[in-house]
1. Which of the residues spanning the stretch 292-303 are crowded, with 24+ Cβ neighbours inside 10 Å and not in a helix (DSSP H, G or I)?
2. State all residues of the stretch 460-487 that are part of a strand (DSSP E or B), closer than 16 Å to residue 506 by Cβ and not aromatic (Phe, Trp, Tyr); if no residue qualifies, say none.
3. Exactly one condition in (1) outside any strand (DSSP E or B); (2) within 27 Å of the chain's Cα centre (by Cα) is false for residue 505; which is it?
4. Mind telling me which of the residues 549, 545 ends up being at pLDDT below 95 and either among the charged types (D, E, K, R) or open to solvent by 10 Å² or more (accessible area, probe 1.4 Å) (or both)?
5. Find the residue count for the stretch 73-91, including only residues that are under 16 Å from residue 116 (Cα atoms) and modelled with pLDDT of 80 or more.
6. For residues in the stretch 176-196 being assigned to a helix (DSSP H, G or I) and more than 26 Å from the chain's Cα centre (by Cα), which is nearest to residue 236 (Cα to Cα)?
7. Does residue 231 fit the bill of being buried (at least 24 other Cβ atoms within 10 Å of the Cβ), out of contact with any Asp or Glu (no Cβ under 6 Å at 6 or more places or on another chain), at pLDDT below 95 and farther than 28 Å from residue 344 by Cβ?
8. Would you call residue 176 at pLDDT below 90, open to solvent by 20 Å² or more (accessible area, probe 1.4 Å) and either hydrophobic (A, V, I, L, M, F, W, C) or closer than 25 Å to residue 413 by Cα (or both)?
Amino acid sequence: MRHSSHIRLFVCSIVVLQVLGCMRVQAANKLTRRSGHPYLTYSDANIKKLKERITKEPSIAEAWEKMLAQAKRMIESSDREGGRRDRSGNNELLCLAYRMTSDKRFGERVKQSLFTHKFGGRSTSMLMRRNPPWHAGLDSGEKCHSFGIAYDTVYDLLTSKERKELAVRLAEEGILPVLNDWVLGGERIHALDTMGHNWWSAIVFGAGIGAMAIMDEDPRAQGWVERVGAADAEWLSYAGSNLDNKPANFDRNGGFYESVNYAGFAIRTHLPFRLAWRDAFVTPLPESPVLGKIADFFMHTCYPRSGGPHLSLDFGDSSITASGSRVIPLLWSLGYRNPGSLWYLSQFHRGSDSGLMRGSPRELLYAPTDKELAVIEALPDLPRSKIFPDMGWVALRSSWEEDATLLGIKSGYTWNHAHADTGSFLLYHYGKYLLIDSGKSGYSTPEYDDYYRQSIAHNVVTFNGKAENPEDTYFGSKFHGTVSHLIDAGDLRYVLADATGPTSDTFIRNYRSFLWIGDVILVIDDVKTFEPGQFEWLLHYNGEGKRSGKDFNITQDDASVIVRPLFPMPFPDAGLPTDYPECMRLEERIGLKDHDQNTKMPYAAFLPTELMRRTKFVTAIIPVQDGDWEPPKIERLQTVDMIGLRITQHGQVT
């Protein structure tokens, strides 16, 4: 009886979802297609549009000629080897070549691959061992997607019997294992949090595209398409789960909480469904305010640099090279033409032989026009400060010029691909990634969970070696971190990161303020615990880290940053550490290199010598500038009742 309220809540949740699903399906009525096969990616309308562009845009013509030559080489190579090298992954290029040339050699190769296509795989067989078993792996959606597009493209080359045979395979081996695991309620009960991560997008929407392709052969397919169509809005507006400590998928400003990397993955596996729906059906899917803001997230988390493609904020299971470069063209094609989007794309494809985002068949179909590319702005018209308050990210930059200074802050959720890094920060300066996140390793390595996802791998304050509960990466934190009070007053900016919630088993107060004044970034930590102990201010970095007097200097090539602890005490300015027992201590710790758990990586820890339960760390981060620049003069101010600073720079005193 003690669980009766939870049972009632669970049952009510199921009923609500079922009712909403039924209402959406009924409202959709019968889907009206624009044409017969092919009506998905390589439809008559899309091919006609591409042929017209080839006659008017030299860059499109050049890219198409290269793709056609590659498709011919694939056919010739396959012929020499008796077809042994046929792979379904080649189908996109062969599909485009067939539809553009009507040369049946390309279509027959695609048809041949359909009969050898395998829907299962190693990942699926591993998931089958779960209790209850999962029948669809992470690549199951893509397999349905690619099969469905190929089936639709070469539909005219298939006999009636072949169409039925292949449709049955797609439905039974591809679509139903996905939908039964993740959407439909006949074989598995779905709770409210089913769609709270990138898996849902990657798997379900691919199955939806597969279902679109076989609507003529399988009477169940329209219902599947309608259900996934309703789920489009559900996934975009998923609001999180209180019972499971899961966040909403999307921030109100368009961010995706799992990292830049998984934002790119989740959204680029979702948007092809919307494109397929647009190409196939007369009635459009409902618009979502989130879609118009996703490009903002990728732009504000990017770091333009002169030495190569731009970098990105590296929080969570991401990498500095992760991006939304494969997402923006899809948004552009769908009509979400955010100002600055083409500037963002240009950061990845300078000097590319194939032009801007024209390296694959779909990119060629959906690429911006030469006319649109001709007016790419030199710099985006975007604010220098951006907050994503629901997911707890902030990006502050000195300018949008290449090689400027970018400060990234995270104080939000911990779960799954989002690490236990509440209150952490990153710094990019002069084209280099100087103050870093430790990154990640392969998910199967013990170091991934023992080190990379835990607090010690991030730029946070720990107490007796602890910050967040290590279990949070699996179960989340009931009280998530927050960012708030963003102020951008030109030469003075401020934001508060509150990390108290996720660290509340150790900290009573864990507030981290960032105050950027001119050339100085102040990190102000107000921390309090339940009993006296050892606080440590952790700093992970790239390049060489070396103490010089009161400063810890970090240098990588021609980029450097000064890190200067000011309170509770500075480093000793001279002599031996034993001569100044009251001063801050510097200790070198050993961590692990990003994406390489077998390589050791030093990082720094700043330690007050006194054991205490409450203190304030005030630390200055000073990105070193070129030319005749002089470092700001920073003076400590202290009385019985207050601590403070006087900063003199550029002829001004703050």
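The values are calculated or read from the model by the stated rules, or taken from the named source; none is laboratory data. The structure presented is a predicted model; accordingly, all values stated were derived computationally and were not measured. In this analysis, Cβ positions are derived from the backbone assuming ideal geometry, glycine residues included, and neighbour counts consider all displayed protein chains. Surface accessibility is based on the protein's heavy atoms, side chains included, excluding ligands, DNA and RNA. Shrake-Rupley method; radii C 1.70, N 1.55, O 1.52, S 1.80 Å.
1. 301, 302, 303
2. Of all residues in the stretch 460-487, those part of a strand (DSSP E or B) come to 461-463, 466, 482-487.
This time we only want the ones that are closer than 16 Å to residue 506 by Cβ, so: 461-463, 466.
Hits for the stretch 460-487 are 461, 462, 466.
3. Of the numbered conditions (1) outside any strand (DSSP E or B); (2) within 27 Å of the chain's Cα centre (by Cα), the odd one out for residue 505 is (2).
4. Every option except 549 fails the conditions.
5. 1
6. Step by step, filter the stretch 176-196, then rank; the result is 180.
7. yes
8. No: the conditions fail for residue 176.
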